[in-house]
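Beneath this line is the structure, given in structure tokens, with notes to follow.
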Amino acid sequence: MTFSSSAAANIALDGCESKCGAVDVPYPFGTTDGCHRPGFKVTCDRTHQPPKLFLGSFDGPEVQAISIRNSTVRVHGAVWPFAAGATSSATVDVVPTSLRQQYVLSAARNSLAVVGCGFQVQVAAAVRRQGEGNAAATTFGSCAPACPGAKQRKLRHGPCDGAGCCEVPVAPMGLTSFSVAFTWLPENATARPAWVRPGASVLAVEREWWRDRDHVVPVKLSLLSTGNASGSGLAIPAVLDWTLSNSSCAAVKRSGSGCVSKNSECVDSVSSAYGYVCRCSDGYDGNPYVPRGCKGSGTHIPAGVYFSMGVGIGMFLLLLVIAAIFATKRLKIRRARKTRERFFKQNRGLLLQQLVDKDIAERMIFSLDELEKATNRFDEARVLGGGGHGTIDEFINEVAILSQINHRNVVKLFGCCLETEVPLLVYEFIPNGTLYAHLHVDSTQSSLPWKERLRIATEVAGSLAYLHSAASTSVVHRDIKTANILLDDRLAAKVSDFGASRGISIDQSGVTTNTIQGTHGYLDPEYCYTRRLTDKSDVYSYGVMLVELLTRKKPTTLTSSEGVGLVAHFVMSLNQGQLNEILDEQVVEEGEEEAKQVAAIAAMCLRLKGEDRPTMRNVEMRLQGLHCIESDISGTEVELTAELNSQTFQEANTRSGDNYTSRQYSMEEEFMLSASLQR
């Protein structure tokens, strides 16, 4: 007996057919005598185009595919019809009797499906026992499909789901036939729709194929609604397992086992059938039933080598992941450092280091890491506020100026951080909020006592006097208001928010600014008109703050029936001798004559011409000496010019609502405001 030299898995005996139509015919299968092992004859019917292959003789099941590796044959499965109310039980032969020595229904690859409704079915199996040719019956499942809906279109497009179809798994091993027993339910109890025929159809079907709705739906509709109860014309596949014999590998010698190829081995079947099959060894593939049928790379790789390779690859991948994580973290750190360096240069960090003394610069410039640690990653509770500045150069100049200021009533600037897109300023922590918050509490509640208000006014005056004359560079705050006066735990005043401040050389009386900065209601009208910024601009804003202390009214609020602002109303009341009508009741009760004298000082600070206003040093001295120079201040005659009553003055102090943040105004708005003011 000779064999062809083909290395393909479908090796046939020399001179034997290796193909029938589209189906490969590998040995041990064959179509003619001498071309197959006993029990593996197949018949090729060439009257069909293309030719068809049948298992056994022409009356056997049609073969769709043969697998040497899986030891399976895929065949056209049969459909067994049952009429309603007919014989209650019957035996179904899945495998023809002549083929049962080699073939059984694959339990792993098939299901038993019952199509129809109005019944309950029980399935019993005929199972081949080890070493026996006969079978013993075993009951292994039952199901009862419900009737589908009245319309065919509503039939679910999916696998057997209990509506018009149910499944019983092929549980037994070695199944060649099974019996079914039907219990038919009364017609009026089933609610069977008119389009569903009475009766049932039983079929063994490949499980994977049956899960595809494109296969299931046509089969269900055909068997339920037509007279095709036997499934004629429906190509429904089933899978059979096969073995060489019903013996075990231990019971046969290698010479008689049929595993004739080198690099092949005998394996007891672990599928549905009892017997043995042949397999190519690990690292080889092909047909183990013919000599030299198992082909490979030429070198057999033991299973242990595969295991070692798997462990090695796994360790390599693990190390690769760890390295990637480490590299990613390093890359993020490097990018963050580069970003901080870019922001530092962008925010003129090098310029700040040049403007400020080296020792001071090292102490004042904080890194982002230091600030995150000190503020608990920028806890909102530790943020004093936010605001805007002009150019970065102006910001750097302001920080450089503030680094030279050291006064007990000026909030201490510890430094800044330039490693963020928006520079951060770091001040000492002031726990008691703003003077604005203490003044403008509920009107029914008492505010700060008069003595505390007078002390706070004196402290603010002293700090401004220091900024104007005692500091190394004269500094105009430009945004004095109660919202920028912080109070510490002893209610001591701390002037804050130098975002709009401007340094002026000692040999200059003032500077002309390109933009007008400050807060409506507190702005000096002369500064608005001329853009000439002097220390007297702070004096005017301080005067507004004194009025706010005396009245507990907001400068931007219209306070009289004539619709004038707080400042104009205050000065008119003072000139008309009606001061008590505008003063806070608490001030009237506690302040007495002192309040009137402070009101006079406020009026002097509010004069429209800056040259007519006192200096902050003079204001400080007057407040400190109130108790001993009452006669001097009480005799002061307050001059009120007609300008205070003008609509322009009212606009300068009332045009904005409760906006207590420093801001920069448009030149068009300020020009319209200032153009009507007399110089």
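Determine whether SER463 is farther than 30 Å from GLN508 by Cα and of a type in the set (Gly, Ala, Ser). Walk me through how you get there before you give the answer.
Values: farther than 30 Å from GLN508 by Cα: no; of a type in the set (Gly, Ala, Ser): yes.
For SER463, the condition - farther than 30 Å from GLN508 by Cα and of a type in the set (Gly, Ala, Ser) - is not met.
What number of residues in the stretch 509-524 are assigned to a loop (DSSP other than H, G, I, E, B) and in contact (Cβ under 8 Å) with a residue 24 or more places away in the chain?
Taking the stretch 509-524 and keeping what is assigned to a loop (DSSP other than H, G, I, E, B), we get 509-510, 513-516, 519-524.
Imposing the further condition that a residue be in contact (Cβ under 8 Å) with a residue 24 or more places away in the chain reduces the set to 509-510, 515-516, 519-524.
So the count comes out to 10.
For the stretch 261-269, state whether one or more residues are within 30 Å of TRP80 (Cα to Cα) and either surrounded by fewer than 22 Cβ atoms within 10 Å (Cβ to Cβ) or touching a Ser or Thr at 6+ places or on another chain (Cβ under 9 Å) (or both).
Initially, the stretch 261-269 is screened for residues within 30 Å of TRP80 (Cα to Cα), giving 269.
Add one more test, that the residue is either surrounded by fewer than 22 Cβ atoms within 10 Å (Cβ to Cβ) or touching a Ser or Thr at 6+ places or on another chain (Cβ under 9 Å) (or both), and what stays is 269.
Checked the stretch 261-269: at least one residue is within 30 Å of TRP80 (Cα to Cα) and either surrounded by fewer than 22 Cβ atoms within 10 Å (Cβ to Cβ) or touching a Ser or Thr at 6+ places or on another chain (Cβ under 9 Å) (or both).
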Go through the stretch 219-230 and give me each residue that's part of a helix (DSSP H, G or I) and at pLDDT below 85.
-> SER225
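Check LEU352, LEU371 and return the single one that is under 25 Å from PHE429 (Cβ atoms), modelled with pLDDT of 70 or more, part of a helix (DSSP H, G or I) and in contact with a strand residue (DSSP E or B) (Cβ under 9 Å, 6 or more places away or on another chain). Before you say what the answer is, go through the steps one by one.
Details: LEU352 fails: modelled with pLDDT of 70 or more.
Exactly one residue qualifies, and that residue is LEU371.
Residue-by-condition table, conditions (1) free of Cβ contacts under 8 Å to residues at least 60 places away in the same chain; (2) assigned by TED's automatic domain parsing to the domain that holds VAL104; (3) more than 22 Å from CYS278 (Cβ to Cβ):
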{"site": "CYS16", "(1), (2), (3)": "yes, no, no"}
{"site": "LYS19", "(1), (2), (3)": "yes, no, no"}
{"site": "PRO28", "(1), (2), (3)": "no, no, no"}
{"site": "THR31", "(1), (2), (3)": "yes, no, no"}
{"site": "PRO38", "(1), (2), (3)": "yes, no, no"}
{"site": "VAL42", "(1), (2), (3)": "yes, no, no"}
{"site": "ASP45", "(1), (2), (3)": "yes, no, yes"}
{"site": "PRO50", "(1), (2), (3)": "yes, no, yes"}
{"site": "VAL63", "(1), (2), (3)": "yes, no, no"}
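Do we find that LEU418 is surrounded by fewer than 20 Cβ atoms within 10 Å (Cβ to Cβ), modelled with pLDDT of 65 or more and among the hydrophobic types (A, V, I, L, M, F, W, C) in this structure? I'd like the intermediate steps shown before the answer.
Working: surrounded by fewer than 20 Cβ atoms within 10 Å (Cβ to Cβ): no; modelled with pLDDT of 65 or more: yes; among the hydrophobic types (A, V, I, L, M, F, W, C): yes.
When the stated conditions are applied, LEU418 does not pass them.
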Take the stretch 443-490 and flag every residue that is more than 19 Å from ASN406 (Cα to Cα), in a loop (DSSP other than H, G, I, E, B) and not charged (D, E, K, R).
-> SER443, THR444, GLN445, SER446, SER447, LEU448, PRO449
Among (1) assigned to a strand (DSSP E or B); (2) surrounded by fewer than 18 Cβ atoms within 10 Å (Cβ to Cβ) - the single one VAL114 does not satisfy | (2)
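Residue by residue, here is whether (1) farther than 23 Å from GLU594 by Cα; (2) at pLDDT 80 or above; (3) touching a Pro at 6+ places or on another chain (Cβ under 8 Å) holds:
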| position | (1), (2), (3) |
| --- | --- |
| GLY433 | yes, yes, no |
| THR444 | yes, no, no |
| LEU454 | no, yes, no |
| THR458 | no, yes, no |
| LEU467 | yes, yes, no |
| THR473 | yes, no, no |
| GLY499 | yes, no, no |
| SER505 | yes, yes, no |
Close pairs from the stretch 210-228: first free of Cβ contacts under 8 Å to residues at least 24 places away in the same chain, partner outside any helix (DSSP H, G or I), Cβ under 8 Å, at least 6 apart | PRO218/LEU234; SER222/ASN228; SER222/GLY231; SER222/LEU234; ASN228/LEU234
Go through the stretch 47-84 and give me each residue that's among the aromatic types (Phe, Trp, Tyr) and assigned to a loop (DSSP other than H, G, I, E, B).
-> PHE58
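The values are calculated or read from the model by the stated rules, or taken from the named source; none is laboratory data. Please read all numbers here as calculations on a predicted model, not as lab measurements. Note that each Cβ is placed from the backbone with ideal geometry, even for glycine, and that neighbours are counted across all protein chains shown.
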